[in-house]
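The structure under discussion appears below in the form of structure tokens.
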Amino acid sequence: MINFEYMRASDVADAVQKIAGGAGAKFIAGGTNLIDLMKENVEKPSRLIDISRLPLDKVEEIPNGGVKIGALVPNSDLAYHPLIEKRYPLLASAILAGASAQLRNMASTGGNLLQRTRCAYFYDVATPCNKREPGSGCSAIEGLNRMHAIFGTSDQCIAVHPSDMCVALAVLDAKVHVASAGGERVISFAEFHRLPGDEPQKDTNLKAGEIITAVELPADGFAHNYSYLKIRDRLSYAFALVSVAAALVLDGDKIMEACFALGGVAHKPWRHRAAEESLRGQAANAENFKRAADLVVKEAKGFPHNTFKIDLARRAIVRALSQAARGTPQIQAIKKVR
Ligand SMILES: Cc1cc2nc3c(=O)[nH]c(=O)nc-3n(C[C@H](O)[C@H](O)[C@H](O)COP(=O)(O)OP(=O)(O)OC[C@H]3O[C@@H](n4cnc5c(N)ncnc54)[C@H](O)[C@@H]3O)c2cc1C
Ligand code: SF4
């Protein structure tokens with residue numbers, strides 16, 4: 001058990017002041033990831049700043065027609081919020097495909113973005129891991145890498161980002177609002193998470209001392225033609241082997257706009273803009289979806305235990321886009337549990 005200081009922030013200004021004053025300080029929101037990592041001695045904060053009671057718990061429409069989600073809105077409240085169910089059902093489906101009802105009740109919007117990889121070596125402090133201990137090596141490259149990345153890997157790290165919610169946020173081109181003692185800024189979702197490169201210890205482009213205050217959604221939520229397809233070892237309570245968030249704007253059978261992102265395959269939600277663009281103006285059929293999927297997987301690189309993900313990703317893209325085109329999304333019938 002490590003010793004750490006615990007304090008509660010009264011507002012955002014207080015939170016950023018408290019974090020600026022403590023090297024090794026961390027925010028804690030729902031605690032569903034951070035506490036696990038502390039129990040395993042992976043995270044060893046000297047100070048925990050509890051932000052769970054900050055007034056960042058609203059989902060509200062904003063003047064540009066979009067929606068702003070407070071960083072402390074629990075995942076379950078977000079998925080079942082009437083505005084999200086009606087205007088952004090892709091986001092609701094992705095959230096409900098993740099974790100369990102109890103975890104979703106605790107997990108916050110900001111914490112979901114910042115949850116860390118589930119690579120088993122990252123959790124096992126007896127093994128080398130460049131993400132946990134830079135320069136120590138990557139145990140997964142030559143080890144058990146069935147769950148690992150096939151896109152955007154480096155010779156330092158092949159971990160994947162585990163979030164489902166983030167895959168939908170990538171397709172929606174969300175924006176992340178952050179604040180620090182130095183002021184506020186907005187980060188586009190595409191720029192928020194990083195590829196491992198030679199600094200795999202950095203998951204995101206958040207700077208030291210910054211707090212996520214909100215996630216902003218644009219006005220258009222692709223509410224008619226969407227699907228979130230998650231392929232995993234068990235039907236529930238398991239992380240994705242491959243997931244696809246797909247969204248289309250159709251004019252009859254013609255594709256006016258296509259957006260899709262993959263989860264479980266890279267250090268960040270994986271989009272391929274050229275593949276999306278290739279669908280514009282085409283008929284919404286399996287043949288065209290296969291062509292787009294081939295463009296994506298052409299760039300994949302498998303490791304000894306995960307090459308199966310390449311064909312799985314190709315087929316999952318085709319299926320998710322086909323479901324989106326037909327207006328028959330992959331839906332889990334999940335009732336609200338409180
Ligand atoms: C058994 C299990 C199964 C799971 N399955 C899935 C799954 O299938 N799909 C999925 O997507 N997720 C899954 N999760 C992960 C879960 O969604 C995350 O643990 C959760 O979203 C994290 O949110 P939190 O509020 O609890 O974060 P915390 O644990 O409180 O914090 C996580 C990190 O974010 C930082 N942080 C939190 N809020 C802020 C903020 N506002 N600003 C700056 N920093 C902040 C903390 O300092 C910490 O580093 C699973 C978790 C468990 C334990
Ligand atoms: S894949 Fe990344 S997280 Fe996993 S052992 Fe290698 S460096 Fe660590």
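The values are calculated or read from the model by the stated rules, or taken from the named source; none is laboratory data. For clarity, every value in this text was computed on a predicted model and none was experimentally measured. Please note: Cβ atoms are built from the backbone with ideal geometry, for glycine as well, and neighbour counts cover all protein chains shown. Side chains are part of the model used for accessible areas, which takes the heavy atoms of the whole protein and leaves out ligands, DNA and RNA. Shrake-Rupley method; radii C 1.70, N 1.55, O 1.52, S 1.80 Å.
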(request) On a C-alpha basis, how far is the centre of region 269-286 from the centre of region 59-85 in Å? Whole number, if you could? (result) 28 Å
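Based on the Kirkwood radius over alpha-carbon pairs, what is the Stokes-Einstein translational diffusion coefficient of region 260-338 at 10 °C with 1.306 mPa s viscosity, in µm²/s?
Working: Rh = 13.8 Å.
Answer, rounded: 115 µm²/s.
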(request) Find out how many positive minus negative residues lie around residue 249, taking Lys and Arg as positive, Asp and Glu as negative, among other residues whose Cβ is under 12 Å from that of residue 249. (result) -2
(request) Using a/c under 1.5 as the rounded threshold, could you call region 200-338 rounded, prolate or oblate? The axes a ≥ b ≥ c are square roots of the C-alpha gyration tensor eigenvalues, and prolate needs a/b larger than b/c, oblate otherwise. (result) rounded
(request) Quick one, can you get me the convex hull of the C-alpha atoms of region 1-47 expressed as volume per residue in Å³? (result) 69 Å³
(request) Considering only protein heavy atoms, with the full assembly of protein chains and a 1.4 angstrom probe, order 121, 237 by accessible area, largest first. (result) 237, 121
(message) Could you tell me the relative contact order of region 254-337? Use alpha-carbon pairs under 8 Å, at least six residues apart, and round to a whole percent.
(response) 24 percent
(message) Run the helix sum for the chain: -39,500 (n - 2.57) per DSSP H stretch of 4+ residues, divided by residue count, reported at 222 nm to the nearest 500 deg cm²/dmol.
(response) -7500 deg cm²/dmol
(request) Note down the nm distance, to one decimal, between modelled labels 7 Å out along Cα→Cβ at residue 274 and at residue 142. (result) 3.4 nm
(request) Just the number, please: carbon plus sulfur as a percent of the accessible area of region 140-246, 1.4 Å probe, no ligands or DNA/RNA counted. (result) 51 percent
(message) Taking θ = phi - 60°, what integer Hz values does the Karplus form 6.51 cos²θ - 1.76 cosθ + 1.60 yield along region 312-322, in sequence order, with x for Gly and Pro?
(response) 4, 5, 4, 6, 5, 4, 4, 5, 5, 5, 5
(request) Two decimals is fine: what is log10 I(q)/I(0) at q = 0.10, 0.13, 0.14, 0.15 Å⁻¹ for the chain, from a Debye sum with one equal scatterer on every Cα and no solvent? (result) -0.57, -0.99, -1.14, -1.30
(request) Averaging sequence separations of C-alpha pairs under 8 Å and six or more residues apart, then dividing by the length of region 196-338, give the relative contact order as a whole percent. (result) 24 percent
(request) Could you tell me what % of all Cα pairs in region 61-137 have separations over 16 Å? (result) 60 percent
(message) Suppose every Lys and Arg Cβ carries +1 and every Asp and Glu Cβ carries -1, with no other charges. What dipole size does the chain come out with about its Cα centre, to the nearest 20 debye?
(response) 680 debye
(request) Quote the accessible area belonging to residue 12 in square angstrom, nearest 10, computed with a 1.4 Å probe and with ligands, DNA and RNA left uncounted. (result) 40 Å²
(message) Using only alpha-carbon positions, what ratio does the radius of gyration of region 182-255 give when scaled by 2.2 N^0.38 Å?
(response) 1.53
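Where only protein heavy atoms count, and the probe is 1.4 Å, what is the accessible area per residue for the chain in Å²?
45 Å²
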(message) What does the C-alpha gyration tensor say about the overall shape of region 96-161? Classify as rounded when a/c is under 1.5, otherwise prolate if a/b is larger than b/c, or oblate.
(response) prolate
(request) Sort the following peptides by mean Cβ neighbour count (other Cβ atoms within 10 Å, averaged over residues), highest first: 36-47, 88-99. (result) 88-99, 36-47
(request) Between beta-carbons, use under 13 Å as the cut-off and find the net charge around residue 303, counting Lys and Arg +1, Asp and Glu -1. (result) +1
(request) Return the sequence-ordered ³J(HN,Hα) values of region 257-271 in whole Hz as given by the Karplus equation 6.51 cos²θ - 1.76 cosθ + 1.60 applied to θ = phi - 60°, using x for Gly and Pro. (result) 8, 10, 9, 8, 9, 10, x, x, 10, 7, 6, 8, x, 9, 10
(message) Limiting things to C-alpha atoms, what are the Rg and the maximum Cα-Cα separation (Dmax) for region 134-285, in angstroms?
(response) 17.1, 55
(request) Compute the Rg/Rh shape ratio of region 1-136: radius of gyration over Kirkwood radius, all on alpha-carbon atoms. (result) 1.02
(request) Can you find, among 304, 177, 260, the residue farthest towards the positive end of the dipole of the chain? Put +1 on the C-beta of Lys and Arg, -1 on that of Asp and Glu. (result) 304
